[in-house]
Amino acid sequence: METLDMRGKPCPIPVVNAKKALAEQEGVTVIVDNVIAVQNLEKMAAGSGWGFSYTQEGESRYTATIIKDPHKTRQEVPAEPLPKDPAPGCGKQGPVVLVTADTMGRGSEELGRLLIKGFIFSLTQLHPLPEALIFLNGGAHLTTKGANTLEDLKALEAQGTEIYTCGTCANYYHLTEALAVGSLTDMLNISGKLAKASSVITL
């Protein structure tokens, strides 16, 4: 069984890496340094019907074990009960961000491109991170090869943020083959994401 040392890693990185490991094996052990990370791993395991247990080995060391067969592991009694509410900035659902142009603000397009790059970078610093970014119309250019926003978008995607580009928009601008991050989607999925979002930021 693989052991992942996720101490010092902010959420949702421990959960994301645990999911990746479990895609290729039957179980994983995850070492984390806070009880909220344990809670998030437990929720992930419960949502998939997997077995979960953990032990506390000091004030800042927890070892969680997730096994796909729920009968092979049991919940250990923690030193202190896990909090019911997640800590600020972790476990809370982030906003859905709707990006409708490849520039930000009115006036200089050159300045607008710098501003949109700065805005996308600022999203990587949010706690919690955005649930999803959706790119429409001219915004579709920001998810394609050569865009100055790719590095930050890939960083967001690696940490669990969903990245979507309107398929109709990509086709209109002949960008379908140039997509470099996330996936193409349709208006039905877009409207569903917006309807269920805790909050929406529109540019």
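The values are calculated or read from the model by the stated rules, or taken from the named source; none is laboratory data. Fair warning: this is a prediction, and the values are worked out from it, not measured in the lab. When we count neighbours, we look across all protein chains shown, and the Cβ atoms used for this are built from the backbone with ideal geometry, even at glycine.
Points worth noting:
- Candidates Ala170, Ala158 - the one that is of a type in the set (Gly, Ala, Ser) and free of Cβ contacts under 8 Å to residues at least 60 places away in the same chain: Ala170
- Scanning region 100-127 for residues that are under 15 Å from Ala155 (Cβ atoms) and not polar (S, T, N, Q) gives Lys117, Gly118, Phe119, Ile120, Phe121, Leu123, Leu126, His127.
- Residues that are crowded, with 17+ Cβ neighbours inside 10 Å and modelled with pLDDT under 85 within region 168-188 comprise just one, Thr185.
- Filter result for Ala23 (surrounded by fewer than 17 Cβ atoms within 10 Å (Cβ to Cβ) and either aliphatic (A, V, I, L, M) or at pLDDT below 85 (or both)): yes
- Gly94 being more than 29 Å from Glu2 (Cα to Cα), at pLDDT below 85, of a type outside the set (Asp, Glu) and crowded, with 19+ Cβ neighbours inside 10 Å: yes
Table: residues versus (1) modelled with pLDDT under 90; (2) not in a loop (DSSP other than H, G, I, E, B).
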| position | (1), (2) |
| --- | --- |
| Lys43 | yes, yes |
| Ala46 | yes, yes |
| Tyr54 | no, yes |
| Gln75 | yes, no |
| Ala79 | yes, no |
| Pro83 | yes, no |
| Pro86 | yes, no |
| Cys90 | yes, no |
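- Selection over region 164-203 of residues that are hydroxyl-bearing (Ser, Thr, Tyr) and in contact with a Cys (Cβ under 8 Å, 6 or more places away or on another chain) gives a count of 1.
- Near pairs, Cβ below 7 angstrom, 6+ apart or cross-chain, from region 47-62 (at positive phi) to any residue that is of a type outside the set (Val, Ile, Thr): Gly49/Pro70
- Of all residues making up region 105-127, the number that are in a loop (DSSP other than H, G, I, E, B) and buried (at least 21 other Cβ atoms within 10 Å of the Cβ): 0
- Any hit, region 62-71, residues being at pLDDT below 85 and either within 21 Å of Glu131 (Cβ to Cβ) or buried (at least 17 other Cβ atoms within 10 Å of the Cβ) (or both): no
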